[in-house]
Ligand SMILES: Nc1ncnc2c1ncn2[C@@H]1O[C@H](COP(=O)(O)OP(=O)(O)OP(=O)(O)O)[C@@H](O)[C@H]1O
Ligand SMILES: [Mg+2]
């Protein structure tokens, strides 16, 4: 099997059995009407959990899971979202509707052909019409925003027609706010989705988000549209035993206690970094992994891979934001007043930048007036590179 940087499924998954079992049992139960909201920092394994739950649900007779990630969009327009999500939904239902074509090709073929395929398929006329509108080019319809309603009605219509339950997974859900339809469509879109979803009986929505601040806006805070509508689960870091499992499963050699501690400390238990170090360690010849090899792997990671991984993220920030995170990392500053002093700015100004950084998921509020970098490995990299 070996170490990987892609989402993992099946036997390769370490530690997440409990949450996966809970989700599969609950989502497959027609008596339960609540979906899940997974909250967890970047690279913690949310997508892996969603994909594994999907895989297990696919084997159940009356359940049709659909996975869609907002981060897979290229243009980030509302039109792209509604079209691609329609395709993902149709694709999940293609066997049950005996659709003649792989739905993925839908966007590439002329509308006339789509109409023909839909005519042959066992789909209610009403659904056919809705799909035609969803897949027709922008200029052919009045307003893209109306398609938002249409695309969220689609799984419900298909579920009712086929007497199934559609379980819809929207990975990185809060990014919906940023979809463009001229301007950003904003939080109103989230409320609209909530209103549509509330009335549905055949569709169950589950969402995830990497940025706590934006998850608060859509689901966690009492003012948010999905507050108490979803079962919230935190996807946290691994412990020492999990890291040991990952290394033993993939490297097939034992690891010394000190070496293990080093991996735990450096990765903070974040699966992605554990996989990454594991990959670096794959070439090591020794019988049992030593702390020394881990040190070398960490250094290599910081120097080579870390730069590829983090540089872009860092450069996307504004100059003031970059300065702030660099100070927070290298001098361990955490309050607006400390940072303001170090930068010769007013705390108010700094608070404003901290808010932007929080919305981007780069930092997190730990408590009132105290902030920290969301990703400890990014912090370490910054501290070394910009000391
Ligand atoms: N349970 C697990 N067992 C083994 N590896 C895992 C597990 N969960 C995540 N990983 C590894 O961690 C990395 C990130 O996983 P995944 O993409 O699922 O996380 P994520 O929280 O969705 O991340 P992102 O913020 O990038 O969307 C991948 O390299 C994957 O191989
Ligand atoms: Mg993900």
> Looking at (1) in contact with a helix residue (DSSP H, G or I) (Cβ under 9 Å, 6 or more places away or on another chain); (2) in the same structural domain as residue 159 (by TED's automatic domain parsing), can you tell me which one residue 191 breaks?
Replying inline: (1)
> In this structure, does residue 203 turn out to be farther than 20 Å from residue 225 by Cβ and assigned by TED's automatic domain parsing to the domain that holds residue 49?
Replying inline: no
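To keep it simple, each residue is scored yes or no on (1) within 16 Å of ligand 1 (Cβ to nearest atom); (2) surrounded by 21 or more Cβ atoms within 10 Å (Cβ to Cβ).
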| position | (1), (2) |
| --- | --- |
| 5 | yes, no |
| 30 | no, no |
| 49 | yes, yes |
| 61 | no, no |
| 71 | yes, no |
| 74 | no, no |
| 85 | no, yes |
>> Suppose we filter 184, 197 for residues that are in contact with a strand residue (DSSP E or B) (Cβ under 8 Å, 6 or more places away or on another chain) and free of Cβ contacts under 8 Å to residues at least 60 places away in the same chain; which single one remains?
In response: 197
> When you scan region 208-266, how many residues do you find that are within 13 Å of ligand 1 (Cβ to nearest atom) and part of a loop (DSSP other than H, G, I, E, B)?
Replying inline: 7
>> Against the condition crowded, with 21+ Cβ neighbours inside 10 Å and more than 30 Å from residue 31 (Cβ to Cβ), how does residue 78 come out, does it pass?
In response: yes
> Which one of the conditions (1) without any contact (Cβ under 8 Å) to a residue 60 or more places away in the chain; (2) under 28 Å from the mean Cα position of the chain (by Cα); (3) within 24 Å of residue 264 (Cα to Cα); (4) part of a helix (DSSP H, G or I) does residue 378 fail to meet, given that it meets all the rest?
Replying inline: (1)
> What number of residues within region 338-348 are touching a helix residue (DSSP H, G or I) at 6+ places or on another chain (Cβ under 7 Å) and surrounded by 14 or more Cβ atoms within 10 Å (Cβ to Cβ)?
Replying inline: 5
>> Just to be sure I understand the filter: pairs with C-beta atoms under 8 Å, separated by 6 or more residues or on different chains, first member in region 35-56 and in the same structural domain as residue 365 (by TED's automatic domain parsing), second member within 6 Å of ligand 1 (Cβ to nearest atom). Which pairs pass?
In response: none
> Within region 299-308, can one find any residue that is closer than 20 Å to residue 250 by Cβ and either in contact with a strand residue (DSSP E or B) (Cβ under 7 Å, 6 or more places away or on another chain) or surrounded by 17 or more Cβ atoms within 10 Å (Cβ to Cβ) (or both)?
Replying inline: yes
>> Can you go through 55, 96 and tell me which one is more than 16 Å from ligand 2 (Cβ to nearest atom) and farther than 23 Å from residue 374 by Cβ?
In response: 96
>> Consider region 192-211. How many of its residues are under 23 Å from residue 356 (Cα atoms) and either at pLDDT below 95 or more than 16 Å from ligand 2 (Cβ to nearest atom) (or both)?
In response: 0
> If we only count helices (runs of 4 or more DSSP H) wholly inside region 284-330, which ones have 2 or more residues that are more than 29 Å from residue 371 (Cβ to Cβ)?
Replying inline: 291-300
> Got a sec? Which of 108, 100, 18 is within 16 Å of ligand 1 (Cβ to nearest atom) and loosely packed, with under 15 Cβ neighbours inside 10 Å?
Replying inline: 18
> Before we move on, is residue 283 within 25 Å of residue 72 (Cα to Cα), loosely packed, with under 15 Cβ neighbours inside 10 Å, at pLDDT below 95 and outside the structural domain of residue 360 (by TED's automatic domain parsing)?
Replying inline: no
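The values are calculated or read from the model by the stated rules, or taken from the named source; none is laboratory data. Note that the structure is a prediction, hence the values are computed from the model and not measured. Because the Cβ atoms are built from the backbone with ideal geometry, glycine has one as well, and the counts that use them run over all protein chains shown.
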